[in-house]
Amino acid sequence: MKISLNWISDYVALDAPVEEITRAVTFLGFEVERVATHGAPPLEHVIVGEVLTRERHPNADRLSVCTVDIGPAGGVRTIVCGAQNYKVGDRVAVALPGAVLPGGFRITQSKIRGQLSDGMMCSGRELGIGEDQSGLLILDGRPALGAGINGVLPPGDTIFDIEVTPNRPDCLCHIGVARELAAWFKKGLAYPQERFRGEAGAARSDLFTSVEVETPADCPLYTAHVLTGVKIGPSPAWMQERLRAAGLRPINNVVDAGNYVMLEYGQPLHAFDARKISGGRIIVRRARDGERITTLDGKERTLSSRTLVIADTAKALVVAGVMGGENSGIDDSTTTIVLECAIFNASSIRWTSRSLGLASDSSYRYERGVDPHTAREASWRAIDLIMEIAGGSVVGPVCVVGGDVPWEREITVSSGFVCERLGFEIPAAEMRAALESLELNVTREDTAAGGDVAWTVAIPSWRDDLDRPIDLVEEILRIHGTERIPHARVTSAGLAAEDDPVVAFNRRATSYLVGHDFNECVNLTLRPASELDTWVSQAAAAELALANPFVEDQSHLRPTLIMGLLDTLLLNQSRGTPASRLFEVGRVFVEHIGRNYECAAVSFVVGRDAVRRWKRRDPDDFYSVKHHVAALAAEAGVDLAVERIEAVAGPGFGWQPGHSFTAGSVGTGWVARFGLVNLAMLKARGIDGPVLAGYFTVLPERLQARGQRPRFREFSLFPAALRDLALVVDKSALAGDVRAAVAAVAASAAGAAFSAESVEVFDVYEGKGLPEGKKSLAFSLVFRSPARTLTDEEVNGALRRIRDEVARTTPYQVRS
Amino acid sequence: MQEQLSTLLAKASAELNEVKGRPELEAAKARLVGPNGAFTALMRQMGSVAKEQRPALGKLINESKARLQELLDARLRAIEEAELSAQLGPPVDPTLPPVEPGPGTYHPLTLVREELCRILRKVGFTVADGPEVETEFYCFDALNTPPDHPARNAQDTFYFPPGARFENVSKHRSDERYLLRTHTSSVQVRTMLKGQPPIRIVSPGRVYRRDTTDASHSANFHQIECLYVDRNVTVRDLKALLDYLFEALLGPGTKTRFRPHYFGYTEPSFEVDLSARHLPKVNKDWIEIGGCGIVDPEVFKAVGYDPQIWTGYAFGMGIERLAMTLYGIDDIRVFYQNDLRLLRQFTWGS
């Protein structure tokens, strides 16, 4: 909101420089977005002159050559001028050589098209007093020739553009801000003194009879005054100046007076032409569904039964508290006005303003709350102003509906409480003075033992935001100054607590992947519907949709982090930045049997490494990503080696069939998936493939569940005996299945004396020397006894039994 | 005899010089000092030597034997050295770059978040976590947000359809709507409901605003919030925390100031400004960095804490905004594009 310093000065005498006032406003709690100076700045060498002669420039049709009298000291100067709006005898502002005009424009003696010009006659804009550049600023009232221009022009003004927080609707006006500044600078505050105080003459209007409020909850107070004999015209310059300073456009004297009072008191007002009120009655009612009104901005609006309107007996005149209608406003021929000063329910106005997409200075104030107990003074003030600038007189009836709930609020607060909350001392007298400077008047003071003073404070009606002792702590601190909070060191008694397990998991996963040469990415959570549909599942697309997306391609929660990582690959690829190893840690949202789960997730991709290197390494493959997923699963306490791994099937269209596998499920609290991203889909997305990917997704509650601490398992200190076993199996046989079969046989073959403690595949071979359709798998077997060193004979015996047993009981053929 | 010995030694020395590996050395050793070796054979001749000559000859033999052993040892050392040298591989050029694709990098938002958490851990804050999908109660009601507050509006906040079911995000009331949290303060509510004071947590995380994306706005961004609940928590404590936090983050001479402000969940409330003349691209005396205040008694009532007993403070700020200030980045969107040239610029301590 724009606040004029000149205007503020009507109520409080501030002698501080602008910088000090800016600081005060800031530390009172109103952020100052801009400080602008309006009106003429101090100007040197700019004086009053009178045009004595005006001749056409011999060499330019649009220029004139004038002689200008600049008073006894300066004599008569010749000045070339391009303006057209002046005549001989006009007095104007003359900038002499040496003057510097706003914007740094320096005036010098110069030749213009061959004619000497000894200065410049100025427009308002050139002087920095408005935007008018249509011609010279013609000075009214024949000021003395040679007089400095600052003594002639109205004084400049400083405009603060401030942000008023929603709890302070009382400061959406000049009196409110003046009150705050008076408190800060410890100055008195002078309110306007209304001359009209509610007494209408005996005369009654024959155009207007009554006000009826159908829904008092929407409109707790409605007052209407009738003024006759009003003459509509422009408002005086001083009022226009102030309205403009505050960012409003002057309309006519009556409308301007209303707006002026709104900016002064914060109370919106509305004036009707009494002739346009059908039936002479104002009815405050809800609109009918589908009722239409054309508002002052020329737009036709369709209303609903939640919209409050001000109507006459025939039609809606005004969208209450928001904007007037075209059909009832003041025009040049208006002579009798009905002046509305009302209070509307904040929620109702907020709803209406939102639903119509229509906001105004009035709705802005009503939404935040207008003090019903100042409404009367505001209407009187407006009537004073209208009578002063538009003439007329108040006639009956004066209609007041509602407004009968008295205001009364007291808060008791003690100096001890204030200090306790602040953590530092402020003298009790200073606290009380701070409260009273804001008109939070102390009605009772009690001193308890120990010097603690308790105050009962009367809260004024405009401070509805104050209703608890803590609220007064803030008021005292504001006036004391938040810059004066004394410095302290942090003290903290230890609270034994650990970081959330999800946070700890994320941290471990992040550092694992960074340690394995991955680059961490952060992508957006919201993804397009089509992507879920094609890359994940139709069910996910159905369940993870937002009700009110803002843009079409951000309509769904992400079920996987991989899509974002593919975007990152593509972005880097298109920018020619080689990126191949990317990961993200973050939340994903997984649809599982018609229900959604918010999960912690870590996901990575390995794209083609486009960097040429001086030495070759084997590129990552399926087994590299399996390794990383297993490591990430381990960080969540999941041992992937013992889990069942299945081909990705069904939903999860983004994976390459036969080259992507999955373990776990939402039901068990985690899902691991890894392999190749679908090649055709990658290609469609424009990414140079192939791309390997993996993720581990886990429910937060699984991480939060406290795991069982494992017990130590004793191990043998005797040496191991190693033997190899090679089997010829079908090419399609899975190594895990073969290994399990060998391990099962080995477990029994050794007998009770010792065990085959591990069976691991160490070689896979296909090709020469093997039958068509077969491959060889070689296993390393480790035998060990807990009690002694094994002899070759017994180990060889065990191996023999294993070979025989495998040959007898499995489809695998033992290689000799 | 003497002659034979010196011939043998000369021959052994010449032979051993040609020995390359351990097996050859073993063979040479056997040829010389083995049971059938040449030296062993010479020693056997001792018996046929005259008695008076024996002491002198004995001495000579011992000397020769020692010499022979020296030659063998020297050869063994040479072989061992050669074996080690063989492990060295070819000579290296230390200026050639590594061929691995790394190093891996942390995202700048992670670096800033983790640094803040580390600083706060030192004064007793532990990191709390909570869902990004939230309900109206945790995001608004419990934080003293009036029912028709604009923040709740569907124009500003993402909601889910009434039928949406988030199985592991608990509702406080069954008729609540699910939404995407607009601030991490919802974690404060969940933490307070779950535990008992005193509480000292920091909750970093992703938040959502239904807003146009531009250089300073993104549909999701990250916040970090502190909450401290205890007896007798004061405004001065809050100021002390922020002074500590920013001085730890930005170095000595960093200043903070409070400006009175308004938030529904704190009273009094402040905006926090940072004096950061030494930061890149900041040419102002003060930059706004976050909001804070003393926890409003209504918030305590909503979670069942007695506001007569418990007091607290809360502080929150945007991580992107801070990261932009710290690193001199002026477009928030670069954080979400993940251009590798950005990601490679930042490491711990940068």
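Since every read-out is calculated from the coordinates, none of them should be taken as a lab result. Since the model is a prediction, treat every value here as computed from it, not as a measurement. Note that we place each Cβ from the backbone using ideal geometry, even for glycine, and neighbour counts take in every protein chain shown.
A few comments on the model shown:
- Rounded to the nearest 20 debye, dipole of segment B:108-343 from Cβ charges on Lys, Arg, Asp, Glu: 460
- A cut-off of 5 Å between modelled amide H atoms, ignoring neighbours fewer than 5 places along the same chain, links B:Val207 with B:Phe221, B:His222, B:Gln223.
- Antiparallel bridges, percent of DSSP beta bridges restricted to segment A:201-332 (to nearest 5): 75
- Mean projection of the Cα convex hull over all viewing directions, computed for segment A:38-137: 6.0 nm².
- Rounded to the nearest 20 debye, the dipole magnitude of segment A:1-98 is 480 debye, with +1 charges on Lys and Arg beta carbons, -1 on Asp and Glu beta carbons, and the Cα centre as origin.
- Test item: B:233-242 mean partner chain Cβ contacts at 10 Å: 6
- Using only side-chain charges placed at the Cβ, +1 for Lys and Arg and -1 for Asp and Glu, the dipole size of the protein assembly as shown relative to its Cα centre rounds to 3820 debye.
- Residues B:Cys226, A:Cys521 arranged by fewest to most Cβ contacts within 10 Å: B:Cys226, A:Cys521
- Calculated on C-alpha atoms, the gyration radius of chain B divided by its Kirkwood radius gives an Rg/Rh of 1.50.
- Cα radius of gyration and Dmax for segment B:2-88 (Å): 15.0, 56
- Averaged over A:25-33, number of beta-carbon atoms from partner chains that fall within 10 Å: 3
- Lys/Arg +1, Asp/Glu -1 at C-beta; segment B:2-88 dipole; positive extreme among B:Met43, B:Ala12, B:Gln69: B:Met43
- Across segment A:501-704, Cα-Cα distances exceeding 24 Å account for 37% of all pairs.
- Partners of A:Lys276 within straight-line reach, counting lysines whose Cα lies under 26 Å from its Cα and excluding those fewer than 8 residues away in the same chain: A:Lys231, A:Lys299, A:Lys315.
- Working from Cα pairs under 8 Å separated by at least six residues, relative contact order for chain A is 8 percent.
- For segment B:108-343: relative contact order, % (alpha-carbon pairs under 8 angstrom, 6 or more apart): 21
- Estimated translational D of segment B:94-209 in µm²/s (Stokes, Kirkwood radius over Cα pairs; 20 °C; 1.002 mPa s): 129
- Most positive-pole-ward Cα, B:Pro147, B:Pro162, B:Gly124, against dipole of segment B:105-177 from beta carbon charges: B:Gly124
- Hydrodynamic radius by Kirkwood, which averages 1/r over all alpha carbon pairs of the protein assembly as shown, in angstrom: 38.2
- If R0 is taken as 45 Å, the Cβ-Cβ distance between B:Arg333 and A:Glu643 corresponds to a FRET efficiency of 0.70.
- Pairs of Cα atoms farther than 17 Å apart, segment A:688-793, %: 69
- Residue exposure proxy: A:Glu598, B:Glu63, ordered by other Cβ atoms within 10 angstrom of their Cβ from fewest to most, comes out as B:Glu63, A:Glu598.
- Cα-based convex hull, segment B:179-312, per residue volume (Å³, whole number): 124
- Using the empirical formula 2.2 N^0.38 Å as the baseline, the Cα radius of gyration of segment A:109-156 reaches a ratio of 1.34.
- Dipole of chain B [Lys/Arg +1, Asp/Glu -1 at C-beta], most positive-end residue of B:Val99, B:Ala82, B:Leu227: B:Ala82
- Mean partner shielding of peptide A:161-168, defined as the number of other chain Cβ atoms within 10 Å of each residue Cβ, is 3.
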